[in-house]
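The structure under discussion appears below in the form of structure tokens.
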Amino acid sequence: MLLKGQRFVVTGIASKLSIAWAIAECLHREGAELILTYPNDKIKKRVDMAAEAFNAVAVLECDVGSDDSINDCFKEVGKLWDGVDGVVHAIGFAPADQLDGDFTNATTREGSAIAHDISSYSFVALAKASRSLLAARQGSLLTLTYEGSISVLPNYNVMGMAKASLEASVRYLASSLGKDGIRVNAISAGPIRTLAASGIKSFRRMLDVSEKIAPLGRNVSQMEVGNAALFLLSPWASGVTGEIMFVDAGFNTVAISEQIMSMVDDEA
Ligand code: NAD
Ligand code: 0WE
């Protein structure tokens, strides 16, 4: 019960496969109280399932594309709780046509604007809306990012730009909110099969390649991300802010693995 009596708002649950589902599960396991959010009525029933599983205090609408929706949501949070120990941002979106094929051809002005708005600016928007509640409890913010912000992968395209922007926002928010005692961090997760991954052509092959490069020789699970999230959101991480922590089986540390070498080895 590492987080007994602590209070967290978790966004980004869309199914049992969601990284946010596993984060909520880990927080609940350690005794935390949860408020869960959903973007629209289509997703609400999935979040209701999570709320039942994790005994959530409330399920609130929060479409991060709308300031009114975000502000209404945190107004409700403020009626239920006098402070919040953590806010989890597990949201990413670009129109599907942006994530298919040649970057220069696929990327449009509108697609880029949507990707940056929903996947990056929304984290700043959540920080604004939750600032006073987080300050009341010396809480922290956490977001999820991906290696595509730093290096190029097929089809990730404009989401790579949006994640680079999101990671910069982690550092600027950490600097801005440090004076209120609020920490701001990100987890850069390895590829995991979720709804957000299911629309992606060749995602299966991405998983196969990444396990051949990663030092641990495998991919990571939602629960491994959940347990790292638990640490960053907990008092055990009280000295950690502005950090992008990789939970990717070591993938980001390797340029060429032995396994990839042997695949092109003509002596073998
Ligand atoms: P997911 O599809 O389960 O979660 C994405 C969430 O974004 C959904 O819950 C969806 O409802 C939410 N969302 C989209 N538009 C929204 C809006 N306007 N307002 C509020 N919520 C909105 O997929 P996931 O893989 O669990 O993704 C969670 C986060 O993890 C994303 O930021 C993603 O980029 C990141 N991530 C995923 C992977 C992976 O391989 N799955 C790897 C690294 C990082
Ligand atoms: O950030 C993500 C998912 C991003 C995402 C996925 C979708 C699919 C459905 C954003 N928007 C949409 N829009 C849709 O309509 N990941 C880290 C998972 C992911 O997505 C990839 C990956 C990986 C990994 C896309 C291409 C290549 C690798």
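The values are calculated or read from the model by the stated rules, or taken from the named source; none is laboratory data. What you see is a predicted model; the values in this text were computed from it and never measured. We place every Cβ from the backbone using ideal geometry, glycine too, and count neighbours over all the protein chains shown. Please note that ligands, DNA and RNA were not included when accessible areas were found on the heavy atoms of the full protein model with its side chains. Shrake-Rupley method; radii C 1.70, N 1.55, O 1.52, S 1.80 Å.
When you filter the chymotrypsin sites (Phe, Trp or Tyr not before Pro) in segment 230-268 for DSSP loop state and at most 13 other Cβ atoms inside 10 Å of their Cβ, nothing is left. What segment 1-126 shows is 46 Å² of accessible area per residue, with the surface traced by a 1.4 Å probe over protein heavy atoms.
For segment 85-206, the percent of C-alpha pairs falling in each 10 Å distance bin, counted from 0 to the bin holding the largest distance, reads 13, 43, 28, 13, 2.
Please report how far the C-alpha centroid of segment 63-90 lies from that of segment 206-229, rounded to the nearest whole angstrom. Value for the Cα centre distance between the two parts: 31 Å. For segment 166-237, the per residue solvent-accessible surface stands at 45 Å², with DNA, RNA and ligands left out and a 1.4 Å probe. The angle between the Cα long axis of helix 67-80 and the longest principal axis of the Cα atoms of the chain comes to about 50 degrees, rounded to the nearest 10.
Computed 3J(HN,Hα) for segment 100-112, one whole-Hz value per residue from the Karplus formula 6.51 cos²θ - 1.76 cosθ + 1.60 where θ = phi - 60°, is 9, x, 3, 4, 5, 6, 6, 7, 10, 4, 5, x, 5, glycine and proline marked x.
Which shape class applies to segment 27-76: rounded if a/c is under 1.5, otherwise prolate when a/b exceeds b/c and oblate if not, where a ≥ b ≥ c are the square roots of the Cα gyration tensor eigenvalues? Oblate, because a/c is 1.5 or more while a/b does not exceed b/c.
Counting only aspartates and glutamates at least 8 places from Lys44 when in the same chain, those with an alpha carbon closer than 16 Å to its own are Glu52, Glu61, Asp63. Axis of helix 41-53 versus longest Cα principal axis of the chain: the two differ by about 80°, to the nearest ten degrees. Cβ-Cβ distance of Ala53 and Ser238, R₀ of 30 Å, FRET efficiency by 1/(1 + (r/R0)^6): the value works out to about 0.55. Do any of Lys75/Lys163; Lys45/Lys128; Lys4/Lys75; Lys4/Lys79; Lys128/Lys201; Lys4/Lys163 go past 26 Å between their Cα atoms, and which? Lys75/Lys163; Lys45/Lys128; Lys128/Lys201; Lys4/Lys163, as the Cα separations exceed 26 Å there. Between Asn155 and Gly101, the built amide H atoms are under 5 Å apart, and every one of these is 5 or more places off in sequence or on another chain. To put it simply, the accessible area of segment 136-268 at a 1.4 Å probe is 58 percent carbon and sulfur. For segment 163-268, the pair-distance distribution built from all alpha carbon pairs, in bins 10 Å wide starting at 0, is 14, 34, 31, 16, 5, 1, 0 percent. The separation of segment 21-44 from segment 114-137, counted between C-alpha centres, amounts to 17 Å. For the chain, Cys26 have no disulfide-compatible partner, since no other Cys C-beta lies under 4.7 Å from theirs.
Comparing the chain with the 2.2 N^0.38 Å rule of thumb, its C-alpha radius of gyration ratio is 1.01 (two decimals). Full extension of the segment from Glu76 to Glu30, taken as 0.36 nm per residue of separation minus the current Cα-Cα distance, would add 14.1 nm.
Residue by residue, segment 54-63 carries 3J(HN,Hα) couplings of 10, 6, 5, 6, 7, 10, 10, 6, 8, 8 Hz when phi is fed to the Karplus relation 6.51 cos²θ - 1.76 cosθ + 1.60 (θ = phi - 60°); x denotes Gly or Pro.
Length gained on full extension, Met261 to Ala113, computed as 0.36 nm times the residue gap minus the Cα-Cα distance: 49.3 nm. Axis angle, to the nearest 10 degrees, between helix 19-29 and the longest C-alpha principal axis of the chain: 50 degrees.
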